[in-house]
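Before any comments, here is the structure.
The values are calculated or read from the model by the stated rules, or taken from the named source; none is laboratory data. Note that this is a predicted model, so its numbers are computed, not measured. Because the Cβ atoms are built from the backbone with ideal geometry, glycine has one as well, and the counts that use them run over all protein chains shown.
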């Protein structure tokens with residue numbers, strides 16, 4: 001005789017909703033705070049659309065820049081100060097985390113209460 005048992009923990013639905021709110025807050029706040037550090041497109045990508053406007057939250061916890069040149073701009077060595085945004089940096093997500101981590105975490109903690 002074979003007995004199959006499937007256990008599924010539902011968890012507290014209120015807790016799940018709170019975590020979803022906190023994650024949504026983190027995602028939206030990260031996109032907002034990163035905007036300051038995202039470079040204006042280099043001259044050779046002027047007609048490709050705005051890099052800042054290409055930020056999308058593809059799923060909770062995943063922010064994606066959909067512009068074709070985003071990876072080259074993020075990881076590249078292009079001098080962003082000459083691109084029209086004096087605060088622009090490569091690795092702008094890392095820069096934003098360094099400067100705004102505590103603020104974002106405090107805001108997310110409030111969503112959990």
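Some observations on this one:
- Residue list for region 87-104, filter: within 14 Å of the chain's Cα centre (by Cα) and part of a helix (DSSP H, G or I): 92, 93, 94, 95, 96, 97, 98, 100, 101, 104
- Sole residue being modelled with pLDDT under 90, out of contact with any helix residue (DSSP H, G or I) (no Cβ under 7 Å at 6 or more places or on another chain) and over 29 Å from residue 15 (Cα atoms), chosen from 66, 77: 77
- Just one of the numbered conditions (1) in a loop (DSSP other than H, G, I, E, B); (2) modelled with pLDDT of 75 or more is not true of residue 21: (1).
One line per residue, one yes/no per condition, for (1) touching a strand residue (DSSP E or B) at 6+ places or on another chain (Cβ under 8 Å); (2) surrounded by 13 or more Cβ atoms within 10 Å (Cβ to Cβ); (3) at pLDDT below 60:
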{"residue": "2", "(1), (2), (3)": "no, no, yes"}
{"residue": "5", "(1), (2), (3)": "no, no, yes"}
{"residue": "11", "(1), (2), (3)": "no, no, no"}
{"residue": "17", "(1), (2), (3)": "no, no, no"}
{"residue": "34", "(1), (2), (3)": "yes, yes, no"}
{"residue": "39", "(1), (2), (3)": "no, yes, no"}
{"residue": "51", "(1), (2), (3)": "yes, yes, no"}
